[in-house]
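Student: A single structure is presented below for examination.
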Amino acid sequence: HVSVVLFTADLRLHDHPPLRAALASADAVVPLFVRDRGVEAAGFAAPNRRAFLDDCLADLDAGLRKRGGRLVVRSGDLVEEVCRVATETGADSVHMAADGSAFATRRERRLRTALERSGRWLVVHDAVTVVVPPGLVTPAASDHYAVFTPYHRQWARVPLRQVYGAPRTVPVPEEARGEPLPAHRGTDGTSPGLPPGGETRARAALTAYGRHGLDSYDTTHDDLSADATSRLSAHLHFGTLSPVEVVHRARRHGGPGAEAFVRQLAWRDFHRQVLAARPAAAHADYRTRHDRWRTEDTASGDIDAWREGRTGYPVVDAAMRQLRHEGWMHNRARLLTASFLTKSLYVDWRIGAAHFLHWLVDGDLANNQLNWQWMAGTGNDTRPNRVLNPVTQARKYDPRGAYVRRWVPELAELEAPLVHVPWRLPEADRAGLGYPAPVVDLADGLGRFRRARGTRP
Ligand code: FAD
């Protein structure tokens, strides 16, 4: 008999429980990916992620072809397409990864009902796109953890399932028909420095990081110019890497670097379990409501300066330019640019989150919105009024100014500490740089923030 294996955010052949289960019980499988109209309509298919997805699909198809199979790609409504493919190939079952987001849960429910109507069944597999599924660990009196530290304590105790290798052969029935894959990745509106995607590259990147980066992760991960984090986020987002396998490998590697790295992966699951329990947190304040934000109506000039990397604060501008150029930004830079927008400019976090989601190749509703809420003080930060001063942050995390000089060519001739405070240059020198004056006086910004929050003036 035949099973459909529906690929979603798990575009790989290694450590893939749905594929493994289908192959164990069926004579042939249909590896299917649906370009879901619903995902496109929700605006998730931004150019960077669409281009990266094309790479992932091409690589998955190549991997399947090496094993005697191929990838079937269809476009349309996911539920309708899966049912159609099941009918065309005579499949009696569909295997897929659990997701947990509100959108995917609704879709899964619809799919189950539609399949059951024609006597087919749906098997949903846990721990494919996350290490610990949402809802598996909960505190005594709630359906999710609102604070990271106790969550992490429980998360770290959950036994990991075993890791599976890639299958040797994948027999695909003749009748399985899909649309041709694009010959090249689309480049319209993408970042010039966008990295390539796909499982082959993801696995090479994981191995390389294990050899050359992991041991120093705990000491270098916040250093902006060292750029010493794993850059595995997009691979994890598209599931070309299995988070369970990544944790296994890091734990086997051992040491303080690996331990700090695994802790970051727990943040990924943490945000998912929050959003699974509180789907409204994708758009509404999670804990503390604030309604005095400045928005496009009142702060459009400041917002544009932030988006375009011309706020006059060099480290903020470097980060915002990196985002556009690479479709990625260093975590420390994400924190300080989010703090700058929400706390120094007092602009609604949703405006910043939308800009990030447009550009980030790892752009992910749970991680992005909830990290934004964390920094805006509406989410799960236990110190919601913390403000990251961009000058202090720059001195600490880019002490020699190399990060700023890399992304802000106007300041390439300046040394630290001046490179972080170009407004201190004599007026004549400053005018020659072609670099803007600060859009806000930090003390004024802090005053506005404190008045709006009703905290100490
Ligand atoms: P590493 O430092 O090498 O970390 C390893 C992995 O752990 C990452 O690949 C990621 O999967 C996970 N991780 C690390 N930090 C976090 C975190 N704070 N929250 C959740 N997971 C984490 N991450 C996304 O994947 N998608 C997003 O859309 C996203 N938006 C963010 C928005 C803001 C405002 C902030 C402050 C952070 C955001 N992050 C997001 C988290 C983090 O910045 C990125 O995961 C990280 O920078 C990716 O680079 P890396 O792979 O080199 O990370």
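Each reported figure results from applying straightforward, stated rules to the coordinates on display, with no laboratory input. Since we're looking at a predicted model, the values are computed, not measured. Glycine also receives a Cβ, built like all others from the backbone with ideal geometry; neighbour counts cover every protein chain displayed.
Student: Pairs of Cα atoms under 8 Å, at least six residues apart: use those to get the relative contact order of region 2-128, whole percent. Please list the in-between numbers first.
Tutor: On the way: 175 pairs, mean separation 42.6, N = 127.
Value for region 2-128: 34 percent.
Student: Which of the trypsin sites (Lys or Arg not before Pro) found in region 371-404 are in a DSSP loop and have at most 14 neighbouring Cβ atoms, other than their own, within 10 Å?
Tutor: On the way: sites: Arg386, Arg395, Lys396, Arg400; in loops: Arg386, Arg400.
For trypsin sites (Lys or Arg not before Pro) across region 371-404 that sit outside H, G, I, E and B with at most 14 neighbouring Cβ atoms in 10 Å, the list reads Arg386, Arg400.
Student: Helix 365-376 versus the longest principal axis of the chain: what angle, 0 to 90°, nearest 10, using Cα atoms?
Tutor: 20 degrees
Student: Using a 10 Å cut-off around each Cβ, can you sort Trp121, Trp328 from fewest to most neighbouring Cβ atoms?
Tutor: On the way: Trp121 12, Trp328 23.
With the sparsest Cβ surroundings first, the list reads Trp121, Trp328.
Student: If the only charges are +1 at each Lys and Arg Cβ and -1 at each Asp and Glu Cβ, what is the size of the charge dipole of the chain around the Cα centre, to the nearest 20 debye? Working shown, then result.
Tutor: Details: 62 positive and 53 negative charges, 220 e Å.
Rounded to the nearest 20 debye, it is 1060 debye.
Student: Once R0 is set to 22 Å, what does the formula 1/(1 + (r/R0)^6) return for the Cβ-Cβ distance between Thr207 and Asp126, expressed as a FRET efficiency to the nearest 0.05? Walk me through the numbers on the way to the answer.
Tutor: Details: r = 26 Å, r/R0 = 1.19.
After rounding to 0.05, the efficiency reads 0.25.
Student: What translational diffusion coefficient, to the nearest whole µm²/s, does region 2-128 have by Stokes-Einstein, given a Kirkwood radius computed over alpha-carbon pairs, a temperature of 20 °C and 1.002 mPa s viscosity?
Tutor: Numbers: Rh = 14.8 Å.
My calculation gives 145 µm²/s for D.
Student: Arrange the following residues from fewest to most other Cβ atoms within 10 Å of their Cβ: Met375, Met329.
Tutor: Starting with the residue having the fewest Cβ neighbours, the order is Met329, Met375.
Student: What percent do you get for the relative contact order of the chain when only Cα pairs under 8 Å and 6+ apart count?
Tutor: Numbers: 773 pairs, mean separation 78.9, N = 457.
About 17 percent, as a whole number.
Student: Per 0.36 nm of contour for each residue apart, how much would the distance between Val391 and Trp423 grow if the chain were fully extended, relative to their Cα-Cα spacing? It would help to have the intermediate numbers written out before the result.
Tutor: Values: separation 32, 0.36 × 32 = 11.52 nm, distance 1.18 nm.
That pair, Val391 and Trp423, stretches by 10.3 nm at full extension.
Student: Please name whichever of Leu341, Met329, Phe356 sits farthest to the positive end of the charge dipole of region 319-366, dipole taken about the Cα centre and charges placed at Cβ: Lys and Arg +1, Asp and Glu -1.
Tutor: Leu341
Student: What is the helix-to-structure angle for 243-253, meaning the angle in degrees between its Cα long axis and the longest Cα principal axis of the chain, kept from 0 to 90 and rounded to the nearest 10?
Tutor: 70 degrees
Student: Just want the ordering: Tyr217, Tyr435, from fewest to most Cβ atoms lying within 10 Å of their own Cβ. Before the final figure, lay out each step's value.
Tutor: Values: Tyr217 23, Tyr435 19.
Listed from fewest to most nearby Cβ atoms, that is Tyr435, Tyr217.
Student: Further question: Please compute the contact order of region 337-423 in relative form: average sequence separation of alpha-carbon pairs under 8 Å and at least six residues apart, divided by the residue count, as a percent.
Tutor: Once normalised by length, the contact order is 20 percent.
Student: Also, quick follow-up: Compute the signed sum of charges (Lys and Arg +1, Asp and Glu -1) over the other residues within less than 14 Å, Cβ to Cβ, of Leu194. Please report the intermediate quantities before stating the final value.
Tutor: On the way: positive: Arg49, Arg50, Arg185, Arg201, Arg231, Arg324; negative: Asp54, Asp55, Asp188, Glu326, Asp362.
Residues near Leu194 contribute +1 overall.
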